[in-house]
Amino acid sequence: MNRSRREDGKNRGRHLTRLIACTRGVALIEFAIVFPFFFLMLFGGIEITRLILIQQKLEKAGYVLADIVTQYAPATAAGAAGEISVAEMNRNVFPQLSRIMNPYARAAQQAAIMTSVEKLNGRLFIRWQIAGGGSLSGCDGQNNCVRSIVNDRAPASINASVAGQTPSFPAAEAALIAGFVPTAVNSGNFVVSEVFYRYQPIVQSLLRGVGAAGGQGFGGFSFFVPSRIYVKRTYFIPRNGALLALPPTFPVP
């Protein structure tokens, strides 16, 4: 019996020595350790680059839409060429958002709100407001919402009743406006261009098969990567005229 135990001990020792000396499968273990970091670096680089490009396009879109609007002449007659109107906004202004955001343009992921704010006798009033350029609405998980900073209205709630109302700018925005529309100026107006875009990471769709959106994935971890709504705002003073008049094609109170 003692001899059998000694032989068993020797066999276990030989097996352990072979196991320690074995190099088969080492590459697989190394890959398993390195893969998560490689995955993060690869897709992290892709996502960061994509996000930067989208934000640059979004900022350009806000500026371009405001620039186009301010080049229209003030509306004084129905259907006059070059006059700002709802038809002109929908035909020539809002479509530029998709053109600028291409190849990231998606109607369901973008929207724009344009507002003309008038300053009269030292007080601000909304002259007109219109939304378009896409169907994006609602909020994301970080409470970023598609709502105008001028009067906290969502695109679906913008109607004729906004004309003549007093804007409700946050304190920081009011200070910014006071910087380029001096208090001493009793009359004038400016255009507020707001463009919104819901950014959805590519990795979101790749990981949906591993863990359901908002649910639990492998090992009890959630692999859902939430989207986020980004907004760029531009304040623009008209070059050619005041853009104050409400043309007949705009909704009136």
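The values are calculated or read from the model by the stated rules, or taken from the named source; none is laboratory data. Keep in mind it's a predicted model, so treat the numbers as computed, not measured. Ideal geometry is used to build each Cβ from the backbone, glycine not excepted, and the neighbour counts take in all protein chains shown. With ligands, DNA and RNA removed, areas are computed over all heavy atoms of the protein, side chains included. Shrake-Rupley method; radii C 1.70, N 1.55, O 1.52, S 1.80 Å.
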Some residue of segment 64-71 being open to solvent by less than 30 Å² (accessible area, probe 1.4 Å), assigned to a helix (DSSP H, G or I) and polar (S, T, N, Q): yes
So Gln165, is it over 22 Å from Gln56 (Cα atoms), assigned to a strand (DSSP E or B) and modelled with pLDDT of 85 or more: no
Residue in segment 51-61 that is of a type in the set (A, V, I, L, M), closer than 27 Å to Lys232 by Cβ, at pLDDT 90 or above and part of a strand (DSSP E or B) present: no
Residue in segment 74-96 that is touching a Lys or Arg at 6+ places or on another chain (Cβ under 8 Å) and buried (at least 17 other Cβ atoms within 10 Å of the Cβ) present: no
Top-ranked residue of segment 176-210 - restricted to ones that are farther than 22 Å from Gln109 by Cα and surrounded by 12 or more Cβ atoms within 10 Å (Cβ to Cβ), ranked as modelled with the highest pLDDT: Val191
